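Visitor: Submitted below is the structure of interest, expressed as structure tokens.
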Amino acid sequence: MSYKIAPSVLSADFGNLQRDIEMINNSEADWFHIDIMDGVFVPNISFGFSVLAPLKKHATKPLDVHLMIVNPDQYITRFAEAGAAVLSVHIEACNHLHRSIQAIKGAGMKAGVAVNPHTSVLNLEDVAGDMDLVCLMSVNPGFGGQSFIDNTYRKIEQLKNMQARLGVAFDIEIDGGVTLHNYKKLIDTGATVLVAGNTVFGSANPSATISALKQ
């Protein structure tokens, strides 16, 4: 089965960011995964457009941007201009999710919807035909290095059933706690994009770890 690996830049060494960008460029990774946090929607602050600009300048692979922020609609155009290829907004942060999805697509990006661990994926049924990607949070959002939540497998199965029942297609992305021990089960269950942060950047050889995740 074909699937993508998206190393999470949040876990990179920001003292050697250029080195880590080049590592991802030269690796078997498919996307750069970029977490944008505002300290309000999640209890952490990451980075914004000032970091995204050099990433876009040097990255040779698509930028998969995950917004963990309140009021994401006001920034959609700016993230398109900053070079995002995929933009995911949280269902919990969008009062008018269908409109948000259409705005993302209208700005020329693929539209993703992220879902926190406590939120049912069944809430996505009415926009299932509009999404390009569902980002399942398999840890509580905000910090790297957390343990994987096993209920994620059931959510993947529910999304696969939804696709079959409605005749729609979208990527199923897993964000959080992806390791060399569970990635095969995630793919076998139906995941098509794996976000890996500490697993990649905490290893002795990040490029080799990416290759292992692609086997």
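Yes/no per residue for (1) crowded, with 20+ Cβ neighbours inside 10 Å; (2) more than 27 Å from Tyr3 (Cβ to Cβ); (3) in contact with a helix residue (DSSP H, G or I) (Cβ under 6 Å, 6 or more places away or on another chain):
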{"site": "Ile45", "(1), (2), (3)": "no, yes, no"}
{"site": "Pro54", "(1), (2), (3)": "no, yes, no"}
{"site": "Val70", "(1), (2), (3)": "no, yes, yes"}
{"site": "Val86", "(1), (2), (3)": "yes, no, no"}
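Visitor: Next up: So which of Ile24, Ile5 is at pLDDT 95 or above, touching a helix residue (DSSP H, G or I) at 6+ places or on another chain (Cβ under 7 Å) and buried (at least 21 other Cβ atoms within 10 Å of the Cβ)?
Guide: Ile5
Visitor: Search region 53-106 for residues being assigned to a loop (DSSP other than H, G, I, E, B) and aliphatic (A, V, I, L, M), and hand back the single one that is nearest to Leu136 (Cα to Cα).
Guide: Only one residue fits best here, namely Ile69.
Visitor: Still on this model: Residue under question is Val134, and the condition is that it be within 14 Å of the chain's Cα centre (by Cα), touching a residue at least 24 places away in the same chain (Cβ under 8 Å) and part of a loop (DSSP other than H, G, I, E, B); does it hold?
Guide: Here the answer is no, as Val134 does not meet what is asked.
Visitor: If you don't mind, there's one more thing I want to ask. Taking the stated definitions as given, is Ile69 under 12 Å from Ala114 (Cα atoms) and touching a Phe, Trp or Tyr at 6+ places or on another chain (Cβ under 8 Å)?
Guide: Considered against the rule, which asks whether it is under 12 Å from Ala114 (Cα atoms) and touching a Phe, Trp or Tyr at 6+ places or on another chain (Cβ under 8 Å), Ile69 comes out as yes.
Visitor: When region 188-204 is examined, which residues are found to be surrounded by 19 or more Cβ atoms within 10 Å (Cβ to Cβ) and touching a residue at least 60 places away in the same chain (Cβ under 8 Å)?
Guide: Ala191, Thr192, Val193, Leu194, Val195, Ala196, Gly197, Val200, Phe201
Visitor: Next up: What is the number of the single condition among (1) closer than 23 Å to Phe41 by Cβ; (2) modelled with pLDDT of 95 or more; (3) in contact with a Gly (Cβ under 6 Å, 6 or more places away or on another chain) that Val134 does not meet?
Guide: (3)
Rundown of residues vs (1) of a type in the set (Ser, Thr, Tyr); (2) in contact (Cβ under 8 Å) with a residue 24 or more places away in the chain; (3) under 24 Å from Ile45 (Cα atoms); (4) in contact with a Leu (Cβ under 7 Å, 6 or more places away or on another chain), yes/no style:
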position: Ala80; (1), (2), (3), (4): no, yes, yes, no
position: Val86; (1), (2), (3), (4): no, yes, yes, yes
position: Ala114; (1), (2), (3), (4): no, yes, yes, no
position: Tyr153; (1), (2), (3), (4): yes, yes, no, no
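Visitor: Would a scan of region 53-74 turn up a residue that is free of Cβ contacts under 8 Å to residues at least 40 places away in the same chain and of a type in the set (Asp, Glu)?
Guide: The answer is yes; a qualifying residue exists.
Visitor: Moving on. Looking for something touching an Asp or Glu at 6+ places or on another chain (Cβ under 8 Å), under 22 Å from Gly129 (Cβ atoms) and of a type in the set (A, V, I, L, M) - is there at least one such residue anywhere in region 171-194?
Guide: Yes.
Visitor: Which condition from (1) closer than 18 Å to Ser88 by Cα; (2) surrounded by fewer than 20 Cβ atoms within 10 Å (Cβ to Cβ) is the one that Met37 breaks?
Guide: For Met37, the exception is condition (2).
Visitor: Right, something else. May I ask you to list the residues in region 12-33 that are farther than 19 Å from Val178 by Cα and of a type in the set (A, V, I, L, M)?
Guide: Leu17, Ile21, Met23, listed by residue number.
Visitor: With Leu97, Leu122 as the choices, which residue is of a type in the set (A, V, I, L, M), closer than 23 Å to Leu67 by Cα and exposed (fewer than 14 other Cβ atoms within 10 Å of the Cβ)?
Guide: Sole residue among the options that is of a type in the set (A, V, I, L, M), closer than 23 Å to Leu67 by Cα and exposed (fewer than 14 other Cβ atoms within 10 Å of the Cβ): Leu122.
The values are calculated or read from the model by the stated rules, or taken from the named source; none is laboratory data. All values reported here derive from a predicted model rather than from experimental measurement. Note: ideal-geometry Cβ built from the backbone for every residue, glycine included; neighbour counts use all protein chains shown.
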